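Starting off with a structure, shown below.
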Amino acid sequence: MDQIGYGSYQSVGLNTQTASASPVQLVLVLMDGLLDELARVRAHIEARRYEAKGLGINKCIDLLTALSSSLDFELGGEPVVELARLYEFMTLRLNEAGIVMEPAMVEEVESLVVTLRDAWRTLEARSG
C-alpha cells in the first residue's frame, strides 16, 4: 500500500473510531496514536533521519497538546493540574531528545504514556 493510500485508510479508520467514542475512548485513541508516533520518532533518531525525527516530534507534541487542552481544570482539581504538568514534562523531554538525539529519552516518554493509557483503560473498563 502506498503512503497516500495508507494515510487515507488510516484517516477513515480514525474517523470511524472517533465518531461515536466516549471522552475516555477519545483519550485512548490519542494515546495510542501518540505511542505509534513515539515508536517512529525513536526509530528516526536511531537511524539519524533528522527531518523525519523533527516532523515526528512535532506530531507527538500536537497530540500532547490535544490531550492537555482537553483537561477540565475546574472539575478535575489537583490531579488534572498534575496531569497537565506531566504532559508539559513529556513535551520538554521530547524536545530535548530531538536535540541530543537520545532514543532513551523517547522511551522514557513512551513508558509514561503507557502507564497513563493503562490507567485510562482501567477507567473505561469500570465505567463500561
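The values are calculated or read from the model by the stated rules, or taken from the named source; none is laboratory data. This structure is a prediction, so every number in the text was calculated from the model and none was measured. Every residue, glycine as well, gets a Cβ built from its backbone with ideal geometry; the counts of neighbours run over all protein chains shown.
Given the criterion closer than 25 Å to SER111 by Cα and at pLDDT below 95, identify the matching residue among GLN17, GLN3.
GLN17
Right, something else. In this structure, does LEU55 turn out to be modelled with pLDDT of 95 or more and closer than 20 Å to MET105 by Cβ?
Yes; evaluated as a whole, the condition is true for this residue.
Between a residue in segment 58-81 that is under 27 Å from VAL41 (Cα atoms) and modelled with pLDDT of 95 or more and any residue that is of a type in the set (D, E, K, R) and in a helix (DSSP H, G or I), which pairs come within a Cβ distance under 8 Å, given they are 6 or more apart or on different chains?
Partner pairs satisfying both residue conditions: LYS59/GLU37; CYS60/GLU37; LEU63/GLU37; SER68/GLU88.
Of all residues in segment 63-77, how many are loosely packed, with under 15 Cβ neighbours inside 10 Å and in a helix (DSSP H, G or I)?
Matching residues across segment 63-77 total 7.
Turning to a different aspect of this structure: Taking the condition of being among the basic types (Lys, Arg), closer than 25 Å to ILE45 by Cβ and surrounded by fewer than 15 Cβ atoms within 10 Å (Cβ to Cβ), how many residues in segment 101-128 meet it?
Residues in segment 101-128 being among the basic types (Lys, Arg), closer than 25 Å to ILE45 by Cβ and surrounded by fewer than 15 Cβ atoms within 10 Å (Cβ to Cβ): 0 in total.
Which of the residues belonging to segment 84-100 are closer than 17 Å to HIS44 by Cβ, among the hydrophobic types (A, V, I, L, M, F, W, C), surrounded by 13 or more Cβ atoms within 10 Å (Cβ to Cβ) and over 13 Å from the mean Cα position of the chain (by Cα)?
If we filter segment 84-100 for residues that are closer than 17 Å to HIS44 by Cβ, which is where we start, we get 93-100.
Right, trim to among the hydrophobic types (A, V, I, L, M, F, W, C) and you get 94, 97, 99-100.
Restricting the remaining residues to those that are surrounded by 13 or more Cβ atoms within 10 Å (Cβ to Cβ) gives 94, 97.
Residue satisfying the conditions is ALA97 alone.
Here's a follow-up. Just one of the numbered conditions (1) buried (at least 17 other Cβ atoms within 10 Å of the Cβ); (2) within 23 Å of LEU123 (Cα to Cα) is not true of ALA21; which one?
Among (1) buried (at least 17 other Cβ atoms within 10 Å of the Cβ); (2) within 23 Å of LEU123 (Cα to Cα), the lone unmet condition for ALA21 is (1).
If you check every pair at least six apart or on different chains, which have Cβ atoms under 7 Å apart with a residue in segment 90-111 that is within 19 Å of ARG48 (Cα to Cα) and in contact (Cβ under 8 Å) with a residue 24 or more places away in the chain first and a residue that is of a type in the set (Gly, Ala, Ser) and buried (at least 19 other Cβ atoms within 10 Å of the Cβ) second?
Listed by first residue and then by second, the contacts come to VAL106/ALA97.
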